[in-house]
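Just so it is clear, none of the values below were taken in a lab; they were calculated from the coordinates. This one's a predicted model, so the numbers in the text were calculated from it and none came from an experiment. Reconstructed Cβ throughout: ideal geometry from the backbone, glycine too, with neighbour counts over all protein chains shown.
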Amino acid sequence: KYKEIDAISVDIDSFDYYILEKVITLQPKMIIIEVNEDVPPGITYAAKYKKNFSYDAGVTKNYGCSLDAVTALGDKHGFKLLRMDWNNAILIREDLSPMFDLPSSNKEAYSDGYYNREGREKIFYWKGFDAKCFEMPLEEAYEFLLDWYKDDLDDMVFELTT
C-alpha cells in the first residue's frame, strides 16, 4: 500500500540478505543494510535462514551478508552502491544515482568507508585476525574464511564473486 518510501534500514544480525530480498521490491529511494565486515569484497556471502538461530555476539560467526551479496542484489533491482559507512552499505535507487559520486568498486567503498577509515580499530576494537582478510590476496582470504566458517558451510552462501 505504500507508494513512495524514502529509506529502509535492515540490521537484524542474522538473515539480513533475505530480508533485503523482500523489501528491495518496494523500491525505496535508499537502503541501508548492515554487512558482515569480516568478509571482504570479492566474496559473496549470506547466512541462510535457520529457524533456531541464536545470535551470541563474539561467539556466532555465521551472520549477515557480504558487501558483494548486497550490491549484486541491488544491481538486479536497480540500485547502486552509494557508499559504505562503517559496516553499513548504503544503496541508492539508480534513477537518483547521477546526483552522487559513486565509488568505482566495492573494494574502494569497503576501503574508504570501513577498513582504512580513521578510528576503525577503536570503534571495532574486538576485531582480530578476522578483520585482516582485506589485506590478503583474495584466494588466500577465501581459503581463510572457508576454514573460519567450516562448521557452518551448509548454513550459508559462500563463494568467490563472479
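Peptides 61-73, 13-25 ordered by packing proxy, namely the average of other Cβ atoms within 10 Å per residue, highest first: 61-73, 13-25. Sorted on the mean count of surrounding Cβ atoms within 10 Å across their residues, most packed first, peptides 95-102, 33-40 read 33-40, 95-102. Multiplying the residue separation of ALA72 and VAL157 by 0.36 nm and subtracting their alpha-carbon distance yields 29.3 nm.
Overall shape: prolate for segment 118-162, with the ratio a/c of the largest to smallest alpha carbon gyration tensor axis at 1.5 or above and a/b above b/c.
With the simple spin-label model, which puts each label point 7 Å out from Cα in the Cβ direction, the LYS22 to LYS132 separation comes to 4.0 nm. The gain in end-to-end length when the TYR2 to LYS48 segment is fully stretched comes to 13.8 nm, 0.36 nm per residue minus the alpha carbon separation. For LYS51, the lysines whose Cα falls under 25 Å of its own Cα, not counting residues fewer than eight places away in the same chain, are LYS22, LYS61, LYS150. In plain terms, if you count all Cα to Cα distances in the chain and split them into 5 Å steps from zero, the share in each step is 2, 9, 19, 22, 21, 15, 8, 3, 1, 0 percent. For SER14, the residues whose amide H sits under 5 Å from its own are GLY64, ignoring neighbours fewer than 5 places away on the same chain, with H placed 1.01 Å from N.
How long is the gain from ILE12 to GLU118 if the chain were fully straight, where each residue apart is worth 0.36 nm and the alpha carbon distance is subtracted? Walk me through the numbers before you get to the answer.
Values: separation 106, 0.36 × 106 = 38.16 nm, distance 2.58 nm.
Here the segment from ILE12 to GLU118 would lengthen by 35.6 nm.
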